[in-house]
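**Student:** A single structure is presented below for examination.
The values are calculated or read from the model by the stated rules, or taken from the named source; none is laboratory data. Not measured: the values here are computed from a predicted model. Quick reminder, even Gly has a Cβ in these numbers, built from the backbone with ideal geometry, and neighbours come from all protein chains shown. We work out accessible area using only protein heavy atoms, side chains counted, and drop any ligands, DNA or RNA first. Shrake-Rupley method; radii C 1.70, N 1.55, O 1.52, S 1.80 Å.
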Amino acid sequence: MNTNEHEHVIEVTDLRRVYGGGFEAVRGISFSVARGEVFALLGTNGAGKTSTVELLEGLARPTDGRIRVLGHDPYTERAAVRPRTGAMLQEGGFPSELTVEETARMWAGCVSGARPPLEVLELVGLARRAGVRVKQLSGGERRRLDLALALLGDPEVLFLDEPTTGLDAEGRRDTWELVRALRDRGTTVLLTTHYLEEAEDLAGRLAILHEGRIAATGTPAEVTAAQPSRISFELPEGYFVGDLPPLGELGVCGHDVDGRVVRLRTHALQRSATGLLTWAERAGVELRRLDVRSASLEEAFLGIAAREEVAA
């Protein structure tokens, strides 16, 4: 194993994917994923997430650009990559008449060095359903089966495309715990998800895709830091925005007023909140409906999408 492979298990450089008819789903994106890292690809429907993951899995040849997974081209060197990776697609297709255990055993026959099927079924909480036919599983249970089959080969790199879609809250949390355990064992995980809380909780780094391009990348904290925090409150009777301390001195970068409710935007939350509360204390007034909160990944995601739409 060379040093570069150890540092970057996945390397993507200027990747493009153009479908028939000229639709460009992926427009020159670049990123890398370190060994033992959970990396999330986020984006609205049609942003290019699944198209990117399919290229990483070696299911298609890129129109342009370069991909390396474990030091190899996943399309032209598939035999060197596939035994070391696992993939959970958005939708799996299983023979409906087979039982859960039969399906896992059938799949294990196609995997090099497969783990015992019942072991992986236990990992995903399906051991007690081993004798149930696939057609009798709920949507959430089918997603658990998808994940079990992706883990059969004990992969070094795991691709998870919307892994918790259809799961209830408990199932989602169980899956998160499993992903963390895999990460702690050194498994590299590339995750796509519509659940921003999922990305914020699991991913060490992430990229937000919009119309085939990376609009933002970094740790969840770095991505959210670009968005202003918010302070909202109701002005006391007889007071107006002009009675507040100069907003610029408070570090406020923008505000709006809706009746008596004032909403401040700031990149210096502690400074702004401290200045506002100090003013209220000295004035002897109460700021009703006071709400102070840092920017969330959801706000960053929506803000990026809005900016990109305006730019377009």
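**Student:** Show me, for the stretch 259-266, the HN-Hα J-couplings you get by feeding each phi into the Karplus relation (A = 6.51, B = -1.76, C = 1.60, θ = phi - 60°), rounded to Hz, glycine and proline as x.
**Tutor:** x, 8, 8, 10, 10, 10, 10, 8
**Student:** Here is a further query. Between the stretch 77-144 and the stretch 1-63, how many Å separate their Cα centres?
**Tutor:** The stretch 77-144 and the stretch 1-63 have Cα centres spaced 25 Å from each other.
**Student:** Out of all DSSP beta bridges with both ends in the chain, state the antiparallel percent to the nearest 5.
**Tutor:** Antiparallel: roughly 65 percent of the beta bridges in the chain.
**Student:** Need one value: the accessible area of TYR75 in square angstrom, 1.4 angstrom probe, rounded to the nearest 10.
**Tutor:** Ignoring ligands and nucleic acids, TYR75 comes out at about 90 Å².
**Student:** Given +1 on the Cβ of Lys and Arg, -1 on the Cβ of Asp and Glu, and no further charges, what dipole in debye does the chain carry about its Cα centre, rounded to the nearest 20?
**Tutor:** Numbers: 37 positive and 47 negative charges, 79 e Å.
It comes to approximately 380 debye.
**Student:** Still on this structure, please answer the following. Largest first, what is the accessible-area ranking of THR164, THR13 with a 1.4 Å probe? Could the numbers behind the result be given before it?
**Tutor:** Details: THR164 0, THR13 60 Å².
Putting THR164, THR13 in descending order of accessible area: THR13, THR164.
**Student:** Summing -39500 (n - 2.57) over the DSSP H runs of n ≥ 4 in the chain and dividing by its residue number, what mean residue ellipticity at 222 nm do you reach, to the nearest 500 deg cm²/dmol?
**Tutor:** About -9500 deg cm²/dmol.
**Student:** Provide TRP107, TRP176, TRP279 ordered by accessible surface of protein heavy atoms (probe 1.4 Å), highest first.
**Tutor:** My answer, sorted largest first, is TRP107, TRP279, TRP176.
**Student:** Using Cα centres only, tell me the gap between the stretch 228-280 and the stretch 189-212 in whole Å.
**Tutor:** Going from one Cα centre to the other spans 32 Å.
**Student:** Would you kindly find the accessible area of ILE29, with a 1.4 Å probe and non-protein molecules such as ligands, DNA and RNA excluded, rounding to the nearest 10 Å²?
**Tutor:** 0 Å²
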